[in-house]
Amino acid sequence: MSLSLSLVNGLPVHVLIVHFVIVLVPLSALAVVVGATWPGAARRMGIVLPALALVTLASVPVAAEAGEWLEEHVDSNPLVRRHAELGDGLLPWAAGLFLLATAVWWTNRRSAAAQAAPAEGRARSASPRSALVVRVVAAVLSVGVAAGAVVDVYRIGDSGAKAAWQDGFSRTATGDRGDND
């Protein structure tokens, strides 16, 4: 399936869509880390946590598809190729955020249900020690994946800005601000 992503009001769609990715990836990363390290926050976020991560995950291939269209419509140079190469690496990080967000939500949901169950049902549930181990593992994984995702978004955005703005501005003021018409 190929989406037709080209222009909106004369601007390439890619330059618009990437702003969703730039906002959603760090937001999802922060939400996953907070949810994994603070169960009360995860309970309050509820289904919003994996839903946010799902929207983030969906935005990445849309931005990439729009970027591929744009890449075919600009002069190829090493900066553009580097940006495209880096952009191809974000999807696994976004998938990791989604999987962790879903796991944190599901684990906290199960934990809340177990606490609400009658006392005899609790005897068969996981021990407090194993629950702590799961929380620690989830927190460590969340911090690692969140850091990787945010760093990757930064690197991709930096390379894209360099590709877009190379030779596109003067380091010194030109004196013509264009607003004296």
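Checking A126 against (1) at pLDDT 75 or above; (2) surrounded by 11 or more Cβ atoms within 10 Å (Cβ to Cβ); (3) under 20 Å from A42 (Cβ atoms), which test does it fail? In the conditions (1) at pLDDT 75 or above; (2) surrounded by 11 or more Cβ atoms within 10 Å (Cβ to Cβ); (3) under 20 Å from A42 (Cβ atoms), A126 misses (1) alone.
State all residues of region 81-102 that are hydrophobic (A, V, I, L, M, F, W, C) and within 13 Å of A53 (Cα to Cα); if no residue qualifies, say none. Those that are hydrophobic (A, V, I, L, M, F, W, C) and within 13 Å of A53 (Cα to Cα): L91, W93, A94, A95, L97, F98, L99, L100, A101. You will find that of P50, P61, P39, the residue that is in contact with a Lys or Arg (Cβ under 8 Å, 6 or more places away or on another chain) and not hydroxyl-bearing (S, T, Y) is P39 and no other.
Only residues that are out of contact with any Phe, Trp or Tyr (no Cβ under 8 Å at 6 or more places or on another chain), among the small types (G, A, S) and without any contact (Cβ under 8 Å) to a residue 60 or more places away in the chain were counted across region 147-163, and they come to 1.
Take S76 and decide whether it is within 24 Å of V151 (Cβ to Cβ) and either of a type in the set (S, T, Y) or touching a strand residue (DSSP E or B) at 6+ places or on another chain (Cβ under 8 Å) (or both). It is false that S76 is within 24 Å of V151 (Cβ to Cβ) and either of a type in the set (S, T, Y) or touching a strand residue (DSSP E or B) at 6+ places or on another chain (Cβ under 8 Å) (or both). Considering A29, A51, the condition of being closer than 24 Å to V151 by Cα, among the small types (G, A, S) and touching a residue at least 40 places away in the same chain (Cβ under 8 Å) is satisfied by A29 alone.
The values are calculated or read from the model by the stated rules, or taken from the named source; none is laboratory data. Please read these numbers as outputs of a predicted model, since none were measured by experiment. Methodologically, a virtual Cβ is constructed for each residue, glycine included, from the backbone with ideal geometry; neighbour enumeration extends over all protein chains shown.
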